[in-house]
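Right, one structure below, let's go through it.
The values are calculated or read from the model by the stated rules, or taken from the named source; none is laboratory data. All values reported here derive from a predicted model rather than from experimental measurement. In this analysis, Cβ positions are derived from the backbone assuming ideal geometry, glycine residues included, and neighbour counts consider all displayed protein chains. Protein only, heavy atoms only, side chains kept; ligands, DNA and RNA dropped before computing areas. Shrake-Rupley method; radii C 1.70, N 1.55, O 1.52, S 1.80 Å.
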Amino acid sequence: MRKTIITFTLGLAVSFTMAETKINLKAGDNTLTAILAENQATRELESLLFKGPIEVNMSDYGGFEKVGTLPQSFTTSNRQISTEPGDIMLYQGNNIVIFYGTNSWSYTPLGKIYGASASELRQFLGDGDITLTISLDTTNGIAEIDHASFHGSDTVYDPQGHLVTQRPIPAGLYVINGKKTLIK
């Protein structure tokens, strides 16, 4: 899923397309990839993951999900959702839930694991407690540059589509000349 953002700056319409953000979920020697939803919680999670991978201790709950506490709370936008295997949800602002079964509750969507059946997800998540490592997928087309490589005349937007005029630009994720870029 791609999102097109149109920003109006000084009467000019500027349009750019942001690629979907993918994360890697690693349990033991196995890794699955998920696509993040588009909301404030996932922007905050993505910002945290730019600092490096995080580890979450997860436990089975109810025979249909694994749940674990995240290292910080995130902004919620809860709504009643009927989940399906592969859904990744935020619960109570600081818990990540990965479903290998179904449930109906009020969650904030974080993402989705595509291409894995319920039994494959159950096998990936295993029985009992696990440590899940969550990291940004480096094949997502995000360029990394340092401040020395940045040209001050480039057009820069923050992930929400706001024009950034501050120079020097602080470290973080930006859209520079239409490409997602991480400035270190």
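Taking the criterion of being surrounded by 16 or more Cβ atoms within 10 Å (Cβ to Cβ), under 23 Å from GLY52 (Cβ atoms) and at pLDDT 80 or above, the only residue of region 153-172 that qualifies is ILE169. Take LYS112 and decide whether it is open to solvent by 50 Å² or more (accessible area, probe 1.4 Å) and either modelled with pLDDT of 95 or more or of a type in the set (D, E, K, R) (or both). When the stated conditions are applied, LYS112 does not pass them. Looking only at residues in region 90-109 that are open to solvent by less than 10 Å² (accessible area, probe 1.4 Å), among the hydrophobic types (A, V, I, L, M, F, W, C) and in contact with a Ser or Thr (Cβ under 9 Å, 6 or more places away or on another chain), the one that is farthest from TYR61 (Cα to Cα) is LEU90. Among the residues of region 72-89, those identified as under 15 Å from ILE35 (Cα atoms) and open to solvent by less than 30 Å² (accessible area, probe 1.4 Å) are GLY86, ASP87, ILE88, MET89.
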